[in-house]
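Colleague: Below you will find the structure I want to go over with you.
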Amino acid sequence: MINRSIFKYSLKFRKLIEINFYHNFFDSGLLKKYNIYPLPESLRIMNDYGIIFKRTDSGGVFLSPVDDKFKETNFKGSINLNLAIDFLDPYFLSYTDIPYENDIVIKFENNFKQKLHSGKFIDSKSITAGDENIKGLLKIELNKNDMFFGSNSIYKNEPLTFNSFMNSREVYIRYNFQIDDKSAKSFYITDEDENIRLKNFKKRYLASGLEVRYITINKPVKLSEFMNNKFFLKKDDNFFKSYTFPLPSATARNIMFDKEKNLFFADVIVNI
């Protein structure tokens, strides 16, 4: 005997809008370590239209069941949805080329053809004041011109794709050495082809109070997930000409913003 309380069914979904978040800091080109989710009021609206939001490797997609009821005129009109974005990487602000402030909101909107912002990359035009930790707000206007709901042609329209692009910061690498003035005079920094020769060590104090001698590489570099800056410490000494010490690459973990100079520095502490 068949148990009539058990129903087996499957729904066919159609893609409405795809969103992608790109960041050139990462080797994959895709933004990492973030959560994105519809806000409560938008969830209620989505439920009325059978819309679901599904995460993908590059962002997410809005889906809706294939159902002829969505052709009815009571589904006409634009649908405005808001999604929150939580940036989970504590170094996101260090490697992303946006204003260096924590209490900001990054706005993403699908009002710029196929992009979620007006410029080539997310910039200050997409930034507004926030409360405390950096957040993102994605505003999606869906169903313009009754593209997906409220007309007989809804299944003839192709899904839309919108992309966001984030740019990595340019920083100056600053090597900090725990040596005194006398020792510093015998060292210099060069690259693998010895095209540069930097030996003007200066004195500074780290936030910890530690006194160091430092040299700043005079050409900025763009931060990336896997840095490979090939610089070497060598001795300017007739007895130690073969001395070569490979210097560590910079990382996004030790970025400092100098407000007076309006420059970003990647500090690398070196023990020799």
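Colleague: Ignoring everything except DSSP H segments at least 4 long, calculate the 222 nm mean residue ellipticity for the chain; use -39,500 (n - 2.57) per segment, divide by total residues, nearest 500.
Modeller: Helix-only estimate at 222 nm: -1500 deg cm²/dmol.
Colleague: Give me the dipole magnitude in Debye, nearest 20, for the range 95-141 about the Cα centre, with unit charges on the beta carbon: positive for Lys and Arg, negative for Asp and Glu.
Modeller: With Lys and Arg at +1 and Asp and Glu at -1, about 360 debye.
Colleague: Treating the beta-carbon of each Lys and Arg as +1 and of each Asp and Glu as -1, no other charges, what is the dipole magnitude of the range 13-166 about its Cα centre, to the nearest 20 debye?
Modeller: On the way: 19 positive and 20 negative charges, 109 e Å.
Computed about the Cα centre, the dipole is about 520 debye.
Colleague: Here's another thing I want to ask about it. Taking the mean number of other Cβ atoms within 10 Å as a proxy for protection, how do you rank 72-78, 26-32 from highest to lowest?
Modeller: Answer by packing, highest mean first, reads 26-32, 72-78.
Colleague: Can you find, among Gly130, Ser42, Ile17, the residue sitting farthest towards the positive end of the charge dipole of the chain, where Lys and Arg contribute +1 and Asp and Glu -1 at Cβ?
Modeller: About the Cα centre, the residue reaching furthest to the positive side is Ile17.
Colleague: What's the exposure ranking of Thr128, Thr216, going from fewest to most Cβ atoms within 10 Å?
Modeller: Details: Thr128 11, Thr216 19.
Least crowded to most crowded, the residues run Thr128, Thr216.
Colleague: Moving on to the next point. Which whole-number percentage describes the relative contact order of the chain, with Cα contacts under 8 Å and a sequence gap of 6 or more?
Modeller: Working: 554 pairs, mean separation 50.8, N = 272.
Rounded, it is 19 percent for the chain.
Colleague: Moving on to the next point. Using a Gaussian network model on the chain with a 10 Å cutoff between Cα atoms, which of Leu116, Leu138, Leu210 fluctuates the most?
Modeller: So, out of Leu116, Leu138, Leu210, the one fluctuating most is Leu210.
Colleague: Taking only Cα atoms, what is the 0 to 90° angle, nearest 10, from helix 40-49's long axis to the longest principal axis of the chain?
Modeller: Helix 40-49 and the main axis of the chain meet at about 40 degrees.
Colleague: Which whole-number percent gives the relative contact order of the range 84-126, counting Cα pairs below 8 Å spaced six or more residues apart?
Modeller: Worked out over the range 84-126, it gives 30 percent.
Colleague: Mind jotting down the distance between the C-alpha centroids of the range 44-75 and the range 115-172, whole Å?
Modeller: Result: 17 Å between the Cα centres.
Colleague: What is the dipole size for the chain, taken about its Cα centre, with +1 at each Lys and Arg Cβ and -1 at each Asp and Glu Cβ, in debye to the nearest 20? Don't jump to the answer; show the numbers that get you there.
Modeller: Numbers: 41 positive and 34 negative charges, 75 e Å.
Computed about the Cα centre, the dipole is about 360 debye.
Colleague: Work out the charge dipole of the range 13-166 with +1 on the Cβ of Lys and Arg and -1 on the Cβ of Asp and Glu about the Cα centre, then indicate which of Gly119, Phe62, Phe165 is farthest towards its positive end.
Modeller: The one lying farthest along the dipole's positive direction is Phe62.
Colleague: Further question: If you build a Gaussian network model of the chain, linking Cα atoms that sit under 10 Å apart, which residue out of Tyr37, Tyr172, Tyr100 swings the most?
Modeller: Comparing Tyr37, Tyr172, Tyr100 in the GNM, the peak value goes to Tyr100.
Colleague: Using the number of other C-beta atoms within 10 angstrom as an exposure proxy, rank Leu206, Leu81, Leu88 with the fewest first.
Modeller: Leu88, Leu206, Leu81
Colleague: Taking the chain as a Gaussian network, Cα atoms linked when under 10 Å apart, which of Phe232, Phe92, Phe53 shows the biggest mean-square fluctuation?
Modeller: Phe232
None of the figures in this text is laboratory data; all of them are computed from the coordinates on show. Model, not experiment: these values are computed from the prediction. Cβ sites come from the backbone with ideal geometry, for glycine too, and all protein chains shown count toward neighbours.
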